[in-house]
Amino acid sequence: MTRKKRALSQDEHTLWTVVTRSIKPLRPRKAVQAAEIERNEAAPTAPPSRKPATIAAAAPPRRAEPPALAPLGRRLKQKLGRGSETIDARIDLHGMTQASAHAALAHFLRRAQHDGARVVLVITGKGMRPGADPQSERGVLKRQVPMWLEGPELRPLIVGFEAANIGHGGAGALYVRIRRPR
């Protein structure tokens, strides 16, 4: 038994239009589709235009954004801290300038990925010098390395990172999980 679809009354159509305009889609529509739908809703009786679509009206092609970073996970971090999971490689950035540390870190992560490393340890140091002026800038690498890892140059190489356990340097070191090469 099939039912006939009934036409919406004017009040129902108005209510439906108000409701659909007030909601936010779960996934954003492409710009061309959204404009086309709005044009159809605004003038349902107007004939479609015969103008060819311009390239400027189309949405610009998106660059493939590097994947989002994920936390290491409680289990893996516990295993690393206990020593039951091995750290495949480590780099110590103590005493390096920002420029040399950035270059060394990028080279180290590329080499680790090439060698098939799973987890590496990056030691930044805590940046506290005994006898240093308390007002001076401390821990530059400690602050910069996480920002470098989240940046577009290094993010494709890694899955995620977290502060290391106290036995591996605590707040002055990071466990970095390397992404498998494609």
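Structure notes:
- Residue-span extension gain [THR97 to ARG27] - 0.36 nm each, minus C-alpha spacing: 20.8 nm
- Nonlocal amide H pairs with VAL159, under 5 Å, H built at 1.01 Å: ARG177, ILE178, ARG179
- Prolate/oblate/rounded call for region 73-131, Cα gyration tensor, a/c under 1.5 rounded: oblate
None of the figures in this text is laboratory data; all of them are computed from the coordinates on show. This structure is a prediction, so every number in the text was calculated from the model and none was measured.
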